[in-house]
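Engineer: This structure is in structure tokens; I'll ask about it shortly.
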Amino acid sequence: MTSLPAGNRLHTAIAITAGLALAVTLAACGKAAEVEQSGGTAHRGSLRIGLLLPDNEIARFDRFDKPLIMKRIKELCPKCTVDYASAQHDAATQQHQVDSMIANGAEVLILDAVDARAVRSSVLKARQANIPVVSYDRLAEGPISGYVSFNGADVGRLQGEALLKALGPHRPGHRDQIVMMNGSSTDPNSAWFEGGSLDVLRGRVKIGKSYETIGWRPENANLNMSGAIAALGADNIDGVLSANDGLASGIIAALKAAKIRPLPPVTGQDAELGAVQRIVAGEQLMTVYKPFKPEAYAAAEMAVALGRGKSLAGIAKQRVNSGSSQSIPAILLHPIALTVDNIKILIRDGMYTTDQICTEKYADACRKAGLT
């Protein structure tokens, strides 16, 4: 059983973790296909599924998660309808959206919570109305029926390992000083990411400053980083552990504004296009790639199974605990660390084309990186 935020410990190589993620996903897909073929007893025809995502400022949700979830639902259940809502990163808005979907006849919900605690009352209302809730990407509190995400501790460990490697071998009498730019405390994944990175970094670097970044907003990361530079000194920051790519953009802008050259290594997560270009250009060290298709497909498969009155026992092989619920059926996939050396994985997987990455501004950097 997995208990948040500790996560599962992973000691295999990146290639193996990618294979494990694929294996788990294929197993889930196969089980979901069995659900479709069996027809079930609760709903043999259509289902009304609510899809609630936290915002559309983070590029991944509109570009990848939403269309992939909808596509898989239609494959499994052609007559199903999907009601979609974006909370625009406002917890109260999302609570209202959940309540509205319950009132309007949703039969199952896929929920990526803006605020895991704030949405608990709405999850309770769904349970009282016999509407199962699949918690997507972030584990909401309340009586959740299923959960799918990436192993957050692994994300943090990959970031920490990449940063240590970039900092180089230990120098006698010197301990590198870093800044930690963590995510928002309203997102339980933030603690998971931070815990994983500290597993690697604690005792090996000096953490000069550590911040919570309210709302995961780049502008808040920019303000935090400017404060860290003022407090620690421009010459005393050897690296930055950034929890995601959006924060990295704000961090790097602050470093540039302070005229820090060369830029210290900065981590990231989500493989956003801007981050990929910064990696190619040598401005960002790495990002953590979480293949969106396995995650999105698993959520769709859970939702269809639950809507048809099926158990998730054949789909979700793991268990997690939230702050309010125990032993939630879960699928935890494994992320991949991407640097300039293996960035081609994104092109291979169809995330981006070479032309999308290698615009005129990045043409020379792309040639040096072997992308063109």
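No lab work stands behind these numbers, since they all come straight from the coordinates. Note that the structure is predicted; figures quoted are calculated from it, not measured. Cβ coordinates were reconstructed from backbone atoms using ideal geometry, including for glycine residues, and neighbour counts include every protein chain displayed.
Engineer: Karplus couplings for the range 115-129 from phi (6.51 cos²θ - 1.76 cosθ + 1.60, θ = phi - 60°), rounded to Hz, Gly and Pro as x?
Structural biologist: Whole-Hz 3J(HN,Hα) from phi for the range 115-129: 10, 4, 7, 4, 7, 4, 4, 6, 5, 4, 4, 4, 4, 4, 8.
Engineer: In debye, nearest 20, what is the charge dipole magnitude of the range 149-281 about its Cα centre with +1 on Lys and Arg Cβ and -1 on Asp and Glu Cβ, if you could check?
Structural biologist: Here the size comes out at about 560 debye.
Engineer: Further, regarding this structure: Check which residues have an amide H placed less than 5 Å from Asp176's amide H, if you skip close sequence neighbours.
Structural biologist: It is Lys206, by chain and number.
Engineer: Moving to a separate point now. Using only the alpha-carbon atoms, how far is helix 218-232 inclined from the longest principal axis of the chain? Give it as 0 to 90 degrees, nearest 10.
Structural biologist: Between the helix axis and the principal axis of the chain, the angle is about 30 degrees.
Engineer: Among the aspartates and glutamates, select those whose C-alpha is under 17 Å from the C-alpha of Lys256, and discard any that sit fewer than 8 residues away in the same chain.
Structural biologist: Within the straight-line limit of under 17 Å, Lys256 reaches these aspartates and glutamates: Glu219, Asp235, Asp238, Asp245, Glu283.
Engineer: Which value, in debye to the nearest 20, gives the size of the charge dipole of the chain about its Cα centre, when Lys and Arg are +1 and Asp and Glu are -1 at the Cβ?
Structural biologist: 600 debye
Engineer: Sort 60-71, 211-222, 235-246 for me by packing, meaning the mean count of neighbouring Cβ atoms within 10 Å per residue, highest on top.
Structural biologist: 235-246, 211-222, 60-71
Engineer: At a 10 angstrom cut-off on C-beta neighbours, averaged per residue, how do the peptides 92-100, 48-56 rank from highest to lowest?
Structural biologist: Put in order of decreasing packing, that is 48-56, 92-100.
Engineer: Tabulate in residue order the Karplus-calculated ³J(HN,Hα) for the range 250-260, using 6.51 cos²θ - 1.76 cosθ + 1.60 with θ = phi - 60°, rounded to whole Hz; enter x for Gly and Pro.
Structural biologist: x, 5, 5, 4, 5, 5, 5, 4, 7, 6, 7
Engineer: Determine ³J(HN,Hα), in whole Hz, for all residues of the range 91-106 in sequence, where each value follows from phi through the Karplus function 6.51 cos²θ - 1.76 cosθ + 1.60 and θ = phi - 60°; x replaces Gly and Pro.
Structural biologist: Going residue by residue, I get 4, 5, 4, 5, 4, 4, 5, 4, 4, 5, 5, 4, 5, 8, x, 4 Hz, with x marking Gly and Pro.
Engineer: Send over the semi-axes of the range 92-140's equivalent ellipsoid, whole angstrom and largest first, taken as the square roots of 5 times the C-alpha gyration tensor eigenvalues.
Structural biologist: In descending order the semi-axes read 15, 11, 9 Å.
Engineer: Kirkwood-based Rg over Rh for the chain (C-alpha set), two decimals?
Structural biologist: Result for the chain is an Rg/Rh of 0.99.
Engineer: Pairs to check: Lys66/Lys290; Lys79/Lys310; Lys290/Lys368; Lys293/Lys317. Give those whose C-alpha atoms are more than 22 Å from each other in this structure.
Structural biologist: Table pairs above 22 Å Cα-Cα are Lys290/Lys368.
Engineer: If you count, for each residue, the other Cβ atoms within 10 Å and average over each peptide, how do 352-359, 310-317, 166-173 line up from highest to lowest?
Structural biologist: The most tightly packed comes first, giving 310-317, 352-359, 166-173.
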